[in-house]
1. Considering amide H positions built from the backbone, and no H for Pro or chain starts, which residues 5 or more places from TYR46, or on another chain, come under 5 Å of its amide H?
2. Report the rotationally averaged projected area of the range 1-41 based on its alpha-carbon convex hull, in square nanometres.
3. If amide H atoms are built 1.01 Å from N in the plane of the peptide, which residues on other chains or at least 5 residues away come under 5 Å of the amide H of THR25?
Amino acid sequence: MLDYHLIEETGKLDAPGRPGTYGVTSEFLRIFGFGNLNELPDLPRYKIDENQQIVIDDILEEQEVAVPEREEEQKES
């Protein structure tokens, strides 16, 4: 993304290893059709499950909503 000027380095964290921080550029916003950073979508909510794997709450909620709808459709058939 750096090569395409979609992100740029914005600094270094004051943490071990001094990792770089990055931000999107105006080119990123233009290419993807956003006028400003406030128009970017929210990140999905996530948590770590008992197996230390990332679980995205938004996906689980969508599946939970879809399952009852399918059960109702099967009852009607």
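Nothing in this text is a laboratory measurement; each read-out follows from the coordinates by a stated rule. This is a predicted model, so every value here is computed, not measured.
1. Those qualifying (amide H under 5 Å, at least 5 residues apart or on another chain) are ASP57.
2. 3.6 nm²
3. Answer set, sorted by chain and number: ILE7, GLU8.
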